[in-house]
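> Take a look at this one; I'll ask things after.
The values are calculated or read from the model by the stated rules, or taken from the named source; none is laboratory data. These figures come from a predicted structure and were not determined experimentally. Here the Cβ positions follow ideal geometry from the backbone for every residue, glycine too, while neighbour counts run over all protein chains shown. For the accessible areas, the whole protein counts, side chains as well, though only heavy atoms, and no ligand, DNA or RNA atoms are used. Shrake-Rupley method; radii C 1.70, N 1.55, O 1.52, S 1.80 Å.
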Amino acid sequence: MDYLEQYNQEAYIFDVVQKRFATQGYLNAYDFFFIIIWKANRAKSKVAKNLLKSDQYKSLDDAVRHLTESIGKTPDHKAKLRILISDWKFRLPMASAILSVLYPNDFTVYDVRVCDQLNDFHSLNHKVNFEVIWTGYLAYKSKVELTEPVGLSLRDKDRYLWGKSFSEQLEQDIQIHFSKGDAND
């Protein structure tokens, strides 16, 4: 196990986990939960409980392998997302994060920071009808793809928008909370 390689979580999931999935057609629980933790560490226990709800699986590894194999064997993008949302009860942010790692050229992460930058799609996370979610997700993805700067991959557009949101929030926090005279030193 190369612990140094795992320090940069994003590099690890896109350079190691994604390639492993592309090669073997499934993930083990360790790799799958690396994705879950990267997206939202706070969700890992809830995701594990959800995966183990069915008595059909002997272990977390069995459930994850079944889930990721079914995604890998499914030819179309809509069906891949449906497996995660309808069959396994993942919410759109986590489902899109998983698929963005497994298929970085085809999916983008649905994230509130990106919604802020696009000034749209905030309510998509609260939809329950899969067809509505799918249609909204396609519109979201299209808007991400059309965003400046041109020439970036879908994954880099996602990173760019997230980074821009983070930067703007930090600037705002500095102005509001950390300006001279406001610090409690």
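> Under a GNM of the chain (C-alpha, springs under 10 Å), which listed residue has the highest mean-square fluctuation: 13, 174, 37?
Ranking 13, 174, 37 by mean-square fluctuation puts 174 first.
> Further question on the same structure: What number comes out for accessible area per residue over the chain if the probe is 1.4 Å? Units Å², please.
59 Å²
> Round to a whole number: what % of the accessible area of the chain belongs to carbon and sulfur, probe 1.4 Å?
The value for the chain is 52 percent carbon and sulfur by accessible area.
> Continuing with this model, one more query. Give the aspartates and glutamates whose C-alpha is closer than 12 Å to that of residue 157, dropping any in the same chain fewer than 8 places away, or say none.
Counting by Cα, and skipping residues close in sequence, residue 157 has these aspartates and glutamates nearby: 145, 148.
> Plugging the Kirkwood radius over Cα pairs into Stokes-Einstein for the chain, at a temperature of 37 °C and a viscosity of 0.692 mPa s, what D comes out in µm²/s?
185 µm²/s
> In nm, to one decimal, how far is the modelled label at residue 132 from the one at residue 30, with both set 7 Å along Cα→Cβ?
4.2 nm
> Can you pull the Rg over Rh of segment 55-129, Cα-only, Kirkwood?
Here Rg/Rh amounts to 1.02.
> Just need the relative contact order of segment 100-155 here, percent rounded to a whole number, with Cα pairs under 8 Å and 6+ apart.
The value is 45 percent.
> Let me ask something else. Once both labels are modelled 7 Å past Cα along the beta-carbon direction, what's the residue 142-residue 87 spacing in nm?
That separation, rounded to one decimal, is 2.7 nm.
> Cα centroid distance between segment 30-72 and segment 123-152, in Å?
25 Å
> Can you tell me the Rg and the Dmax, both Å, for the Cα atoms in segment 86-185?
Answer for segment 86-185, Rg first and Dmax second: 16.2, 54 Å.
> Another question about this same structure. In the chain, if the dipole is taken from +1 on Lys/Arg beta carbons and -1 on Asp/Glu beta carbons about the Cα centre, which of 21, 161, 67 is farthest to the positive end?
Of the listed residues, the answer is 67.
> When the helices in the chain are scored as -39500 (n - 2.57) per DSSP H run of 4 or longer and the sum is shared across all residues, what 222 nm value do you end up with, to the nearest 500 deg cm²/dmol?
Computed mean residue ellipticity for the chain: -18000 deg cm²/dmol.
> For residue 164 and residue 78 in one chain, what is 0.36 nm times their gap in residues minus the Cα-Cα distance, to one decimal in nm?
That works out to 28.1 nm of additional length.
> Let me ask you something else. Taking 0.36 nm per residue of sequence separation and subtracting the Cα-Cα distance, how much length would be gained by fully extending the chain between residue 179 and residue 59, in nm to one decimal?
Contour length minus the Cα-Cα distance gives 38.0 nm.
> So if I place +1 on the C-beta of Lys and Arg and -1 on the C-beta of Asp and Glu, and nothing else carries charge, what would the dipole magnitude of segment 115-171 be about its Cα centre? I want it in debye, nearest 20.
Rounded to the nearest 20 debye, it is 180 debye.
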